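Colleague: Quick one: this structure, given as structure tokens, is what I'll be asking you about.
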Amino acid sequence: MYLTTNYDDRMTQALAAQGKKPRREMCRWNDALKGVESAFDAPAGFTPDASNPLVYHLYGHDGVTQSLVLTEDDHLDYLVRVSAGKKLPPRVEEALAWSSLLFLGYHLDSLTFRVLFRGIIHSMEGKMKTLNVAVQTEPVSQPHVEYLVNYHEMFADVRTTLYWGTPQEFARELADRWSDFRDDA
């Protein structure tokens, strides 16, 4: 299962290029989306697996205009509704409850990230088995870093690791560590 805040179809296309059969789904965060068909509505349901992954668009996708979370008001409405619960499908909640999350390319002080992070944390309260969060973010001034580190320590039940660097630096280091891990195994 892949969760994204991108509106485009690139992740679905990338998975299809790898021979997968991905399904695209979105968060039903507003009432305008009630009648939009869902992969989870099928009588047999839908259980994502490695061959048939789910790409879940947390902030909507460009195929359904009313699903997009774009404006500040949209972000605030999204936060209120997702935090209140019952907006994420059970399969998505289950994946969140049992997984580690990796946020790439966000600025920790951006509204997009803060709404997503707090919305997930609040909607999953009492359901999380473990929540490990790694956040890659661009380096900023030292006082800014200290403030953000202290801000994320407020979520004591969420183990948050901050990586200070560009997405490219993060990807290189991740690839190096993965290679070292595989060599040691």
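Read the figures in this text as sums done on the coordinates, not as results from a lab. These figures come from a predicted structure and were not determined experimentally. Every residue, glycine as well, gets a Cβ built from its backbone with ideal geometry; the counts of neighbours run over all protein chains shown.
Colleague: Any residue at all in the stretch 10-26 that is among the basic types (Lys, Arg), under 19 Å from the mean Cα position of the chain (by Cα) and part of a helix (DSSP H, G or I)?
Modeller: Of all residues in the stretch 10-26, those among the basic types (Lys, Arg) come to 10, 20-21, 23-24.
Narrowing further to those that are under 19 Å from the mean Cα position of the chain (by Cα): 10, 23-24.
Add one more test, that the residue is part of a helix (DSSP H, G or I), and what stays is 10.
Within the stretch 10-26, one or more residues are among the basic types (Lys, Arg), under 19 Å from the mean Cα position of the chain (by Cα) and part of a helix (DSSP H, G or I).
Colleague: Next question, about the same structure. Inside the stretch 53-75, can you point out the residues that are under 19 Å from the mean Cα position of the chain (by Cα) and farther than 21 Å from residue 9 by Cβ?
Modeller: If the condition is that a residue be under 19 Å from the mean Cα position of the chain (by Cα) and farther than 21 Å from residue 9 by Cβ, then 71, 72, 75 are the ones that fit.
Colleague: While we're here: Please list, ordered by first then second residue, the pairs with beta carbon atoms under 9 Å, 6 or more apart or interchain, first in the stretch 50-65 and without any contact (Cβ under 8 Å) to a residue 24 or more places away in the chain, second surrounded by fewer than 22 Cβ atoms within 10 Å (Cβ to Cβ) and of a type in the set (A, V, I, L, M).
Modeller: Sorted first by the residue in the stretch 50-65, then by its partner, the list stays empty.
Colleague: Go over the candidates 84, 50 one by one and state the one that is exposed (fewer than 12 other Cβ atoms within 10 Å of the Cβ), more than 17 Å from residue 15 (Cβ to Cβ) and of a type in the set (A, V, I, L, M, F, W, C).
Modeller: On the way: 50 fails: more than 17 Å from residue 15 (Cβ to Cβ).
Step by step, each of 84, 50 is checked, and only 84 is exposed (fewer than 12 other Cβ atoms within 10 Å of the Cβ), more than 17 Å from residue 15 (Cβ to Cβ) and of a type in the set (A, V, I, L, M, F, W, C).
Colleague: Within the stretch 50-88, can you find the residues that are in a loop (DSSP other than H, G, I, E, B) and farther than 17 Å from residue 116 by Cβ? Before you say what the answer is, go through the steps one by one.
Modeller: Going through the stretch 50-88, the residues in a loop (DSSP other than H, G, I, E, B) turn out to be 50-53, 58-64, 68-71, 84-88.
Hits for the stretch 50-88 are 50, 51, 52, 53, 62, 63, 64, 86.
Colleague: Answer yes or no: is there a residue in the stretch 97-109 that is among the hydroxyl-bearing types (Ser, Thr, Tyr), surrounded by 13 or more Cβ atoms within 10 Å (Cβ to Cβ), in contact with a helix residue (DSSP H, G or I) (Cβ under 9 Å, 6 or more places away or on another chain) and touching a residue at least 40 places away in the same chain (Cβ under 8 Å). Can you show your working first?
Modeller: The initial filter retains those residues of the stretch 97-109 that are among the hydroxyl-bearing types (Ser, Thr, Tyr), namely 99-100, 106.
Subset that is surrounded by 13 or more Cβ atoms within 10 Å (Cβ to Cβ): 99, 106.
This time we only want the ones that are in contact with a helix residue (DSSP H, G or I) (Cβ under 9 Å, 6 or more places away or on another chain), so: 106.
So of that shortlist, the ones also touching a residue at least 40 places away in the same chain (Cβ under 8 Å) come out as none.
So far as the stretch 97-109 goes, no, none of its residues is among the hydroxyl-bearing types (Ser, Thr, Tyr), surrounded by 13 or more Cβ atoms within 10 Å (Cβ to Cβ), in contact with a helix residue (DSSP H, G or I) (Cβ under 9 Å, 6 or more places away or on another chain) and touching a residue at least 40 places away in the same chain (Cβ under 8 Å).
Colleague: What are the residues in the stretch 25-35 that are surrounded by 14 or more Cβ atoms within 10 Å (Cβ to Cβ) and not aromatic (Phe, Trp, Tyr), if any?
Modeller: Step one: of the stretch 25-35, the residues surrounded by 14 or more Cβ atoms within 10 Å (Cβ to Cβ) are 25-30, 33.
Matches in the stretch 25-35: 25, 26, 27, 28, 30, 33.
Colleague: Counting only residues that are without any contact (Cβ under 8 Å) to a residue 40 or more places away in the chain and not in a loop (DSSP other than H, G, I, E, B), which one in the stretch 34-49 is farthest from residue 114 (Cα to Cα)?
Modeller: Looking only at the stretch 34-49, we keep the residues that are without any contact (Cβ under 8 Å) to a residue 40 or more places away in the chain, and these are 34-37, 39, 41-45, 49.
Those left that are additionally not in a loop (DSSP other than H, G, I, E, B): 39, 41.
Values: 39: 28, 41: 30 Å.
If we take residues in the stretch 34-49 being without any contact (Cβ under 8 Å) to a residue 40 or more places away in the chain and not in a loop (DSSP other than H, G, I, E, B), then 41 is farthest from residue 114 (Cα to Cα).
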